[in-house]
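Colleague: Before we start, here is the structure in question, set down as structure tokens.
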Amino acid sequence: MPLLLGGGKSLFPADGVLRTLEPVSTTSPPHGANVCVYRRPETR
């Protein structure tokens with residue numbers, strides 16, 4: 001089950017439009033849980 005932390009704009013806005021995310025970093029600590037960080041792609 002993903003756990004989302006942060007503030008600011010909602011990751012899942014009420015309009016229901018699919019949003020893409022890009023991976024920033026991933027670590028695998030010895031206790032077995034993967035820690036993955038994603039962000040919204042920058043719009044140009």
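Colleague: Do we find that Arg44 is surrounded by 10 or more Cβ atoms within 10 Å (Cβ to Cβ) and at pLDDT below 85 in this structure? Outline the logic, then answer.
Modeller: Values: surrounded by 10 or more Cβ atoms within 10 Å (Cβ to Cβ): no; at pLDDT below 85: yes.
Considered against the rule, which asks whether it is surrounded by 10 or more Cβ atoms within 10 Å (Cβ to Cβ) and at pLDDT below 85, Arg44 comes out as no.
Residues are listed down the side, and each one gets a yes or a no for (1) touching a strand residue (DSSP E or B) at 6+ places or on another chain (Cβ under 8 Å); (2) at pLDDT below 80:
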{"site": "Leu4", "(1), (2)": "no, yes"}
{"site": "Gly7", "(1), (2)": "no, yes"}
{"site": "Thr20", "(1), (2)": "no, no"}
{"site": "Pro23", "(1), (2)": "yes, no"}
{"site": "Thr26", "(1), (2)": "yes, no"}
{"site": "Pro30", "(1), (2)": "no, no"}
{"site": "Val35", "(1), (2)": "yes, no"}
{"site": "Arg39", "(1), (2)": "yes, no"}
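The values are calculated or read from the model by the stated rules, or taken from the named source; none is laboratory data. What you see is a predicted model, and the numbers here were worked out from it, not measured in a lab. Here Cβ is always computed from backbone atoms with ideal geometry, including for glycine, and neighbour counts include all displayed protein chains.
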